1. With the Cα gyration tensor of region 335-485 giving a ≥ b ≥ c as the square roots of its eigenvalues, does the rule (a/c under 1.5 for rounded; else a/b larger than b/c for prolate; else oblate) give rounded, prolate or oblate?
2. Treat the count of other C-beta atoms within 10 Å as a stand-in for reagent exposure and order 175, 242 from fewest to most.
3. Evaluated at 20 °C with a viscosity of 1.002 mPa s, what Stokes-Einstein diffusion coefficient in µm²/s does the chain have when Rh comes from the Kirkwood expression over alpha-carbon pairs?
4. Pairing the Cα long axis of helix 80-89 with the longest principal axis of the chain, what angle in degrees results, from 0 to 90 and rounded to the nearest 10?
5. Find how much the distance from residue 120 to residue 317 grows on full extension, using 0.36 nm per residue of separation minus their present alpha carbon separation; answer in nm with one decimal.
6. If r is the Cβ-Cβ distance from residue 415 to residue 250 and R0 is 41 Å, what FRET efficiency results, to the nearest 0.05?
7. For labels at residue 52 and residue 295 in the simple 7 Å Cα→Cβ model, what's the distance in nm?
8. In whole angstrom, how far apart do the alpha carbon centroids of region 404-422 and region 354-393 sit?
Ligand code: HEC
């Protein structure tokens, strides 16, 4: 039967066409590749165009495995149209870049579908896995056992040490905790009201060097402007810790101006040997206006006295247009600040854009170059500048391409960890590891990435007794590193 055969032929042809359309939609893969492997490995088999684009452009902030989207409170909508819009135009106030110059609309739709499919697979395949707590890690020189000190909220931003063995831990959402030597968690009352949006919230906590006699602590946080939380800035509160309550609270530093963006607060603090307080403030996502001008406080490291007053010998004190607390400028988003145990010098790490995270030696009056020089490029793949160096601008001691998204910074002190003495440690939010850099005077000569996949590392500190503590996120843990010999 001629008509019957024709029908069959048409049916076969449409089947082939439908299959071809499916393949094209699926970036010519027969079987959709699982782009996620579980157990915290984050390794990805997928080589599709959208998958490659996701890993190149998005994973740095949103993670390879898309877990950050799974239990996510969607701000702008989870529909195909809303996700397309988010990628194409971005939300600059939040720190979400625009990709209209990077991708065609077709590519953006493919990426949207890839993302939505990936989120669905991640959500179905595994409950959001707890960060790796206890365990043993082999590193180049040492075997390290992870000791779980405390389970604290979601983002334990900072851990600090009190004389007597208690710890203070900030949770970015706005809570401060004391972890007693017997590892009980107690909430501290009297913390400031914070803007816990985007990267903002309760940030660092730092005991006064004379805490045992004065019980003073410093808290850095994202402060709302006159109770209006659409504008915020990095501020430092000084308070007395009386039992589990803060008293006599007062702000001793408020970076100006307030900004409507919700990222790049900086917020780390450290005392130097002479008793000056250093505070890092990020450029609030406004690199064109802030880091290279001395008339405002953003994109700078500041130096103040313990009571908030300005040291007479600050570098820009005689420039009447400059903000007097500025110690150095041209910084992007500093996330680690520490004093060298021998030289006393202040070392810093900061987030670059896509590539170009840095470790810097912080010196009075210096310009660290952002955004005039950088080893990074824009998130959308376009160049920021063709310059990596300029006269009058400081070179980093070390930089990372690709970015590791550094957090926390500490020198290994004492002899608890054989072979690591004097090395500098940076956490990595993005790669979920601890970076250990060997330093010979001011040269970083070697680097090892350790404790791989332990979790998004938010802070790393060395306690007065020489033990290394880290915090990891989602869920939040304070962990202690025990060397096994
Ligand atoms: C520099 C960091 C960064 C990069 C790179 C980045 N994002 Fe985002 N993205 C954010 C932030 C911050 C938000 C704001 C929402 C939030 O806080 O989770 C966001 C929001 C989003 C949203 C909206 C979520 C919602 O709640 O409605 C989508 C969708 C999204 N990003 C997808 C992508 C994709 C796809 C890429 C890569 C092309 C990408 N992002 C690259 C930081 C980033």
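None of the figures in this text is laboratory data; all of them are computed from the coordinates on show. Keep in mind that what you see is a predicted model, and the values were worked out from it rather than measured. Positions of Cβ are backbone-derived with ideal geometry, glycine not excepted, and every protein chain shown enters the neighbour counts.
1. Numbers: a/c = 2.29, a/b = 1.42, b/c = 1.61.
Oblate, since a/c reaches 1.5 and b/c is not below a/b.
2. Numbers: 175 18, 242 12.
Ranked by crowding around the Cβ, least crowded first: 242, 175.
3. Working: Rh = 23.8 Å.
Calculated translational D: 90 µm²/s.
4. That helix lies at roughly 50 degrees to the long axis.
5. Details: separation 197, 0.36 × 197 = 70.92 nm, distance 5.58 nm.
Stretched fully, the residue 120-residue 317 segment lengthens by 65.3 nm.
6. Numbers: r = 41 Å, r/R0 = 0.99.
According to the calculation, E is roughly 0.50.
7. With each label placed 7 Å out from Cα toward Cβ, I get 4.7 nm.
8. 25
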